[in-house]
1. Hand me the list of strands (runs of 3 or more DSSP E) wholly inside the range A:129-237 holding 2 or more residues that are in contact with a Phe, Trp or Tyr (Cβ under 8 Å, 6 or more places away or on another chain) and farther than 30 Å from A:I81 by Cα.
2. Confirm whether B:A172 is under 25 Å from the mean Cα position of the chain (by Cα), within 29 Å of B:V13 (Cα to Cα), in contact (Cβ under 8 Å) with a residue 40 or more places away in the chain and away from chain A (no Cβ under 14 Å).
3. Search the range B:109-146 for residues being surrounded by fewer than 19 Cβ atoms within 10 Å (Cβ to Cβ) and of a type in the set (K, R), and hand back the single one that is farthest from the other protein chains (Cβ to nearest Cβ).
4. How many of the residues making up the range B:25-56 are buried (at least 22 other Cβ atoms within 10 Å of the Cβ), in contact with a Leu (Cβ under 6 Å, 6 or more places away or on another chain) and either more than 9 Å from chain A (Cβ to nearest Cβ) or not basic (K, R) (or both)?
5. Please find, among A:E58, A:E50, the residue that is assigned by TED's automatic domain parsing to the domain that holds A:I24, within 25 Å of A:K174 (Cα to Cα) and of a type in the set (D, E).
6. For residues in the range B:203-222 being closer than 22 Å to A:D56 by Cα and among the aromatic types (F, W, Y), which is surrounded by the most Cβ atoms within 10 Å (Cβ to Cβ)?
7. Go through B:L199, B:L127, B:L138, B:L108 for me and flag whichever is more than 19 Å from the chain's Cα centre (by Cα), closer than 30 Å to A:L111 by Cβ and free of Cβ contacts under 8 Å to residues at least 60 places away in the same chain.
8. Within the range A:93-108, restricting attention to residues that are out of contact with any strand residue (DSSP E or B) (no Cβ under 7 Å at 6 or more places or on another chain) and aliphatic (A, V, I, L, M), which residue is surrounded by the fewest Cβ atoms within 10 Å (Cβ to Cβ)?
Number of protein chains: 2
Amino acid sequence: MPRAESSPPKEVVTAALLVIGEEILSGRTKDKNIGYIAEYLTALGIDLREVRLVGDEEGSIVEALNALRQRYTYVFTTGGIGPTHDDITADCVAKAFGVPIDVDPRALAILQERMRTTGVEMNEARLRMTRIPKGAELVENKVSAAPGFWIGNVIVMAGVPTIMQAMLDEVAPKLKTGVRILSQTLRADAREGDIGTQLGEIAKANPEVAIGSYPFFDPQHGPNTNVVLRARDAQKLALAARAVEDMLQRVRGAQSGR
Amino acid sequence: MPRAESSPPKEVVTAALLVIGEEILSGRTKDKNIGYIAEYLTALGIDLREVRLVGDEEGSIVEALNALRQRYTYVFTTGGIGPTHDDITADCVAKAFGVPIDVDPRALAILQERMRTTGVEMNEARLRMTRIPKGAELVENKVSAAPGFWIGNVIVMAGVPTIMQAMLDEVAPKLKTGVRILSQTLRADAREGDIGTQLGEIAKANPEVAIGSYPFFDPQHGPNTNVVLRARDAQKLALAARAVEDMLQRVRGAQSGR
């Protein structure tokens with residue numbers, strides 16, 4: 001009996017990322033989190049399906065949160081949880097979920113302990129960072145103490161890449177994960193336009209394999225293409241990859257015979 | 001008579017960016033267009049208000065296009081206009097606008113001319129790149145010939161950064177532009193948490209100046225903060241910057257006196 005039948009198929013786990021920050025929309029700061037999170041989730045078997053970037057504006061943040069959290073297994077957010085007036089993410093999450101928000105005793109204890117050891121003063125601004133929507137779990141911040149949080153299917157993280165990365169490591173073991181997507185990259189040694197028609201036919205014949213085509217310029221040999229195949233099933237992936245390899249050989253053979 | 005009163009105030013011009021590409025959501029390719037376009041539009045006086053990234057999936061692309069084009073002055077898209085089966089942007093734009101799409105004689109002429117000079121063959125795949133929604137203007141591609149297009153308030157560009165940049169240069173002179181946003185960055189020489197409360201008060205007193213606060217770590221002097229002020233009015237910007245500078249001096253004075 002094939003092994004695949006002995007355990008129920010794992011569900012597809014999806015995610016969206018909401019990047020919150022005026023500074024990225026103005027071009028002043030270049031985002032470093034999207035690519036990191038995309039790779040990280042893919043490695044876990046979680047499908048990142050959508051990313052949105054919005055400014056520090058309540059209406060936009062609440063609307064995006066509500067649209068995304070209904071659609072995907074998880075919504076990750078980055079940015080807007082610091083001590084200043086433009087850090088409004090926690091309040092927006094509370095509003096989206098319709099729950100109250102106030103100073104959280106657990107978050108307060110963490111910050112007070114940190115301040116005791118560093119000698120930094122507690123004040124109104126820092127107290128902002130202890131405001132957590134009711135019902136949320138804290139996400140530990142091993143870098144600078146002020147925690148992120150997790151409510152419903154929304155995971156709220158800092159925008160500073162090192163802190164965001166530490167928070168992601170913290171939540172990763174608790175995430176549902178789907179079947180890992182397997183992928184294979186084939187270097188075509190052909191122009192994208194010379195293989196497009198045939199590739200489309202192979203894609204149609206292999207509906208469970210996502211086939212992407214990415215042109216690039218090789219300074220030594222000129223225009224070239226990477227063909228990337230992605231699938232959950234190893235056998236289906238191998239079959240489609242074989243079909244692409246055979247096709248590429250035919251195309252290259254025809255070209256060298258010209 | 002002040003010069004500002006002699007001409008009517010310019011309108012606020014807004015934009016959204018829709019990045020189309022599975023390869024970015026999977027983390028395989030790192031996006032290089034968002035930051036470039038954000039800076040470019042800011043320099044033109046166009047407010048980039050929102051960015052969305054979606055995969056090569058018709059439903060998601062059409063829905064995002066329709067949501068964004070109703071909300072902003074311009075919608076820019078990148079990606080999905082190549083010769084392969086996964087390049088579906090042009091068809092999605094036609095669907096969003098409810099117009100037919102077919103081989104465009106102008107685009108066909110451009111590609112045929114290119115192929116005549118390069119010796120590359122026309123085929124079904126390359127013909128895909130001449131499919132343009134009815135009513136669209138072409139956007140010239142000085143890098144690799146296959147054009148982008150502009151329909152309604154949607155501007156469709158390639159995903160390859162060099163080509164996208166050439167297309168943006170092509171459309172820029174034709175865009176409505178708003179009043180340039182002026183900005184000023186002040187290095188706080190203070191921790192974000194030490195200036196947050198006061199900064200919030202200044203922000204409240206200067207509603208037409210957007211004040212952002214961005215912590216960073218200075219390897220020599222430890223935690224520090226950049227305060228960025230942005231406004232359309234130079235005088236209002238200067239007033240708010242003065243208030244921030246005075247506040248920073250008071251905070252630093254209090255700290256050194258401890």
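1. A:222-231
2. So B:A172 fits the description; yes.
3. That would be B:K134.
4. 6
5. Criteria check complete, one pass: A:E50.
6. Going residue by residue through the range B:203-222, those that are closer than 22 Å to A:D56 by Cα are B:203-216.
Among the residues that remain, those that are also among the aromatic types (F, W, Y) are: B:214, B:216.
Details: B:Y214: 22, B:F216: 12.
Result: B:Y214.
7. One residue alone meets the criteria, B:L199.
8. It comes out as A:L108.
The values are calculated or read from the model by the stated rules, or taken from the named source; none is laboratory data. As the structure is a prediction and not an experimental result, all values here were calculated from the model. All Cβ positions, even for glycine, are placed from backbone atoms using ideal geometry, and neighbour counts span all protein chains on display.
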